[in-house]
1. Restricting to segment 3-23, give me the number of residues that are part of a loop (DSSP other than H, G, I, E, B) and more than 17 Å from TYR60 (Cα to Cα).
2. Quick check on segment 24-37: of everything there that is in contact with a helix residue (DSSP H, G or I) (Cβ under 7 Å, 6 or more places away or on another chain) and crowded, with 23+ Cβ neighbours inside 10 Å, which residue is nearest to ARG56 (Cα to Cα)?
3. With segment 26-80 as the region, which strands (runs of 3 or more DSSP E) entirely inside it contain at least 2 residues that are closer than 25 Å to PRO14 by Cβ and among the polar types (S, T, N, Q)?
4. So ASP109 ticks every box in (1) buried (at least 16 other Cβ atoms within 10 Å of the Cβ); (2) among the acidic types (Asp, Glu); (3) modelled with pLDDT of 90 or more but one. Which box is left unticked?
5. If we scan segment 7-22, do we find a residue that is of a type outside the set (Val, Ile, Thr), free of Cβ contacts under 8 Å to residues at least 40 places away in the same chain and surrounded by 15 or more Cβ atoms within 10 Å (Cβ to Cβ)?
Amino acid sequence: MAFVKVDDMLPLHPRIRPLSNPAFRLYIDAICWASRQRADGHIRTSHLCYVSDIPRRDQYAAELVDARLWQRSIDGWQIVDGIATPPSAGWADQAEPEGDADIIPIRADPRSRPGA
């Protein structure tokens, strides 16, 4: 089973904070879905209905693009690197990690922390 770890400062990041609640939900759902699917952060348009059960997913996907958290691709969206991203597809093929190393860190940009 894949895991994602989200920095507790993520909700305070300047690109995350202004999101509507459904867009934030879609963002987190997408990170988890991409990790489970080993999709390298790519979400096909035809798969968006499997990512989250929120209504009007396309509207909130556009909000994530406007917030520069997702980018449009030819056949869907790409979760943008830098704030929170799912682990790469190849991570599961690596040797068995020890201790907490099996939790893939997904962290907010440390420069966004207050006082940083």
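The values are calculated or read from the model by the stated rules, or taken from the named source; none is laboratory data. Just so it is clear, the model here is predicted, and its values are computed rather than measured. Cβ coordinates were reconstructed from backbone atoms using ideal geometry, including for glycine residues, and neighbour counts include every protein chain displayed.
1. Keep residues of segment 3-23 that are part of a loop (DSSP other than H, G, I, E, B), which gives 3, 7-9, 13-20.
Still in the running and more than 17 Å from TYR60 (Cα to Cα): 3, 7-9, 13-14.
Number of matching residues: 6.
2. First, pick out the residues of segment 24-37 that are in contact with a helix residue (DSSP H, G or I) (Cβ under 7 Å, 6 or more places away or on another chain): 26-27, 29-30, 33.
Filter again for crowded, with 23+ Cβ neighbours inside 10 Å, leaving 26-27, 30.
On the way: LEU26: 10, TYR27: 14, ALA30: 15 Å.
It comes out as LEU26.
3. Output list reads 70-73.
4. (3)
5. Pass one, segment 7-22, residues of a type outside the set (Val, Ile, Thr): 7-15, 17-22.
Going one step further and asking which of them are free of Cβ contacts under 8 Å to residues at least 40 places away in the same chain, we end up with 8, 11, 17, 21-22.
Filter once more, so that each one left must be surrounded by 15 or more Cβ atoms within 10 Å (Cβ to Cβ): 22.
Yes, that holds for at least one residue.
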